[in-house]
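Worksheet: the structure to be examined is printed underneath.
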Amino acid sequence: MKQRPSFPARLDTTLAKNRPNTVGKPVATPAKTVAPNATAASSVQKRPTLRPAPPPGHGMDSSAVRNRMVQKLAGQGITDAQVLGAMGTIERHRFVDSALVNQAYEDTSLPIGLGQTISKPGVVSRMLELLLKGQLGNPGKLGRVLEIGTGCGYQAAVLSLLATEVYSIERLRGLHDKARDNLRHLRLANLHLLFGDGMAGYVKGAPYAGIIAAAGGEAVPQAWVDQLAVGGRLVAPVVTAGASGAQALLVLDKTPHGVRQSLLEAVHFVPLKSGIG
Ligand code: SAH
């Protein structure tokens, strides 16, 4: 099997140009874990060693498969070059169980354990594009972002290539830990993993230029709106018809004149739940 270059080498040639402080250079710490409600509970992981070898035994040249996925995303109407670049960079197959690796670049959601799913690439890129486009006065540039629902960490990794700082919160300990493991090799210094109930947002990182949820509730919690910066955008699935649980994508912009909301296409996300587990 052809040896692929190590991950940082590919990042250097794709995205480092525009974002010298996010990835591309070796950094001192990997994705960090921060306890959202504790003041001094921030724990920084030990620096991992570089992982030069490709994932074992899957027999696929993942960059070629990923390029095909990116072409399909472009065919579905994703136009933002940064989003397409980030989707082409993060290796989705590293975030799913080995039994599902062959489906990693299909436009499908996949189980990640504890009844949760990794979102479809089409939906991830659509939401990220909406987030970037919505930056009032500064479209295409993302400052601090809050993600609710880290899951396996895939979308958080993609986001970390697009935003200056990412806070990603997960309510299930098992998935929070899994995301940390999945993300370790990427050493994304601007990605902060939080364990807690994302319904309350994460006030210490606020205000956010963007807030993105990967789980759908009946309504957007007020805390998210409060923690969104003026000029920022929130993208989240919301339940539109209580009985059936049907969801649609909500885009909420916080303008100097108030909040503006629009409901877009139907989506299918896992439910937003309160409390931790
Ligand atoms: N972006 C994720 C998708 C994970 S699915 C990925 O790329 O894998 C959505 C996640 O939201 C689930 O892991 C679920 O546990 C989590 N979730 C649901 N309600 C939450 C809440 N109130 N706070 C934090 N996470 C929540």
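Read-outs: derived from the displayed coordinates by stated rules, not from any lab. Source: prediction; values computed, not measured. Because the Cβ atoms are built from the backbone with ideal geometry, glycine has one as well, and the counts that use them run over all protein chains shown.
Panel note: the C-alpha atoms of segment 109-271, placed on their principal axes, show extents of 42, 40, 27 Å (largest first). Listed by chain and number, the aspartates and glutamates whose C-alpha is less than 20 Å from the C-alpha of residue 120, apart from same-chain residues fewer than 8 away, are 80, 91, 97, 106, 107, 129, 147, 170, 265.
Run the numbers on segment 109-271 and let me know its relative contact order in percent, using alpha-carbon pairs under 8 Å that are six or more apart. Provide the component values of the computation, followed by the final result.
Working: 364 pairs, mean separation 31.8, N = 163.
Worked out over segment 109-271, it gives 20 percent.
Quick one: net charge around residue 205, please, counting Lys, Arg +1 and Asp, Glu -1 for every other residue with C-beta under 10 Å from its C-beta. Neighbour charge sum, excluding residue 205 itself: +1.
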